[in-house]
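The values are calculated or read from the model by the stated rules, or taken from the named source; none is laboratory data. It should be emphasised that the depicted structure is a prediction, and the values quoted were computed from it without experimental measurement. Don't worry about glycine lacking a Cβ; one is built from the backbone with ideal geometry, like all the others, and counts go over all protein chains shown. SASA here: full protein model, heavy atoms, side chains in, ligands and nucleic acids out. Shrake-Rupley method; radii C 1.70, N 1.55, O 1.52, S 1.80 Å.
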Amino acid sequence: MTAPATPPAKPATEPTATPATEPTVTPATEPTVTPATEPATEPTATEPTATPATETTVTPAAEPSATPAARPAPTVLAVIPARGGSKGVPAKNLAPVAGVPLVTRAVRACLAARPVTHVLVSTDDAGIAAAARAAGAEAVRRPAEIAGDTATSEAAVLHAMDAFEAGHGRPADVVLLVQCTSPFLTSAEVAETAERVTSGAADTAFTAAPTHGFLWRETVEEGATGVNHDKAHRPRRQDREPEYLETGAVYAMDAAGFRTHEHRFFGRTALVATDPARVLEIDDPHDLARARALAPLLDTPATPGFADIDAVVLDFDGTQTDDRVHLDAEGREFVSAHRGDGLGIAALRRAGLPVLILSTEQNAVVAARARKLKIPVLHGIDRKDRALKEWCDAEGIDPQRVLYAGNDVNDLPCFHLVGWPVAVSSAHDSVRAAARAVTVTPGGSGAIREIAAWLLGPELNTPNS
């Protein structure tokens, strides 16, 4: 078996991201076509003499070689409206699904869509703006008059377009309205919706899910009546053409047309069919709970690599153990640890990654295990998230570049703080739902060894080995 590639060495400090300068597109110069010169006077015909006139060969002027200028790619601006005030779900747009805030999930989907050139989050909330920028988007402050409960998404998009044009010195060609309340939106859906407009096939486009459902309407006068069918005729599913339900996830509009009509639908409209299983809009706490339960099934599994992580922080009970405690007759506690976890932690240390054990329990067993592994420990901690934040500050580590592994609800505050919350497979359901990645291995059975293999490869190669 070939050993995996050695992970790259980590920089000592996090590089400062400098926004790329907007390229200046200089149109190619049109070639100058010079016509062949006409003679000044018509030639005078003469009577032929004994010597026949010599035939003149006329060579036509060469066609100029004109290379058409390459058409610049359209500027496609994805606008994500994300207000801070939400009555149904407080702080909804920052609510994590699979450990990632909803606004961050939307930004990532847009950034990964090939036609999208810029992503801008419109918000009235400083926390949402910070999350958007951390994910790689721009953020614009939305005025209060278009940030209330009655404000339209169209108003937010028009304001964002103005802000983009003022900041970049040019207008967008195509604008997208992307809702971060659709947690299972994919970059492919964003790309396909944008391309319906950039290709010229449509003026507007949107995502929709096919359905063969029978819709009904009920009135006091008539009772229940069919909306999309005759109730006296019940065709089979395979005999019916599908109808489409608007998902509310993505809309694409020709930017100039949108400014004129101030509405998301005008001109020729195209729809992009999506997977009905992925359609979910989060409007209340039950929707959020469903999204968290579905995330392990619908999200593409993702695990971090060495370049993504600056530190590893580990819970102890239930993460490095199987969460059981053995007692002797004197009440002394014993737990079981996995040797593979020790091997993984040693490899992480050799790779130069700081490793910390963070435990609620004040227990001599935890301290003894940390001494054996030669790593620091903070135990007997009531507020693990506060202790973790203080440790990151002291070590000069960005929490967004920390992998935290845990198994139970007391780990959730730390999950919300770090960039890579990881649950062991035996974790509580709510913890698994909040995790960005979940191990295959249960706690106490080598889950930490598995995490080390994500970062260093299955043979735990270190950058200097």
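Considering each of ALA147, ALA62, ALA69 in turn, give the residue that is at pLDDT below 90, over 21 Å from the mean Cα position of the chain (by Cα) and open to solvent by 60 Å² or more (accessible area, probe 1.4 Å).
ALA62 is the lone residue from the list that is at pLDDT below 90, over 21 Å from the mean Cα position of the chain (by Cα) and open to solvent by 60 Å² or more (accessible area, probe 1.4 Å).
Restricting to region 336-364, name every residue that is of a type in the set (A, V, I, L, M, F, W, C) and either open to solvent by less than 40 Å² (accessible area, probe 1.4 Å) or within 19 Å of ASP411 (Cα to Cα) (or both).
Hits for region 336-364 are ILE345, ALA346, ALA347, LEU348, ALA351, LEU353, VAL355, LEU356, ILE357, LEU358.
Listed here are the residues, each with its yes/no results for (1) out of contact with any Phe, Trp or Tyr (no Cβ under 9 Å at 6 or more places or on another chain); (2) open to solvent by less than 90 Å² (accessible area, probe 1.4 Å); (3) not small (Gly, Ala, Ser).
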| residue | (1), (2), (3) |
| --- | --- |
| LEU185 | yes, yes, yes |
| SER199 | yes, yes, no |
| ARG236 | yes, no, yes |
| ASP239 | yes, no, yes |
| GLU243 | yes, yes, yes |
| VAL250 | no, yes, yes |
| ARG264 | no, yes, yes |
| THR269 | no, yes, yes |
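Kindly establish whether ALA423 is in contact with a Leu (Cβ under 6 Å, 6 or more places away or on another chain), closer than 23 Å to LEU343 by Cβ and either small (Gly, Ala, Ser) or touching a residue at least 60 places away in the same chain (Cβ under 8 Å) (or both).
no
I'm trying to understand the selection: among the residues of region 111-125, which are part of a loop (DSSP other than H, G, I, E, B) and under 14 Å from GLY167 (Cβ atoms)?
Filtering region 111-125 for residues part of a loop (DSSP other than H, G, I, E, B) gives 112-117, 124-125.
Once the filter is applied, which keeps residues that are part of a loop (DSSP other than H, G, I, E, B) and under 14 Å from GLY167 (Cβ atoms), region 111-125 yields only THR117.
Restricting to region 223-258, count the residues that are assigned to a loop (DSSP other than H, G, I, E, B) and not charged (D, E, K, R).
7
Check whether at least one residue in region 100-118 is within 25 Å of ARG401 (Cα to Cα), in contact with a strand residue (DSSP E or B) (Cβ under 8 Å, 6 or more places away or on another chain) and modelled with pLDDT under 90, and report yes or no.
no
Show the residue pairs that are 6+ apart or on different chains and have beta-carbon atoms under 9 Å apart, the first residue being within region 89-103 and basic (Lys, Arg) and open to solvent by 10 Å² or more (accessible area, probe 1.4 Å), the second being part of a helix (DSSP H, G or I) and modelled with pLDDT of 90 or more.
Here the result reads LYS92/LEU102; LYS92/LEU288, each pair linking region 89-103 to a residue that is part of a helix (DSSP H, G or I) and modelled with pLDDT of 90 or more.
I need every pair where a residue in region 296-315 that is crowded, with 16+ Cβ neighbours inside 10 Å has its Cβ under 6 Å from the Cβ of a residue that is among the acidic types (Asp, Glu), sequence separation at least 6 or different chains.
ASP315/ASP411
Out of LEU378, LEU356, I need the residue that is among the hydrophobic types (A, V, I, L, M, F, W, C) and in contact (Cβ under 8 Å) with a residue 40 or more places away in the chain. Which one?
LEU356
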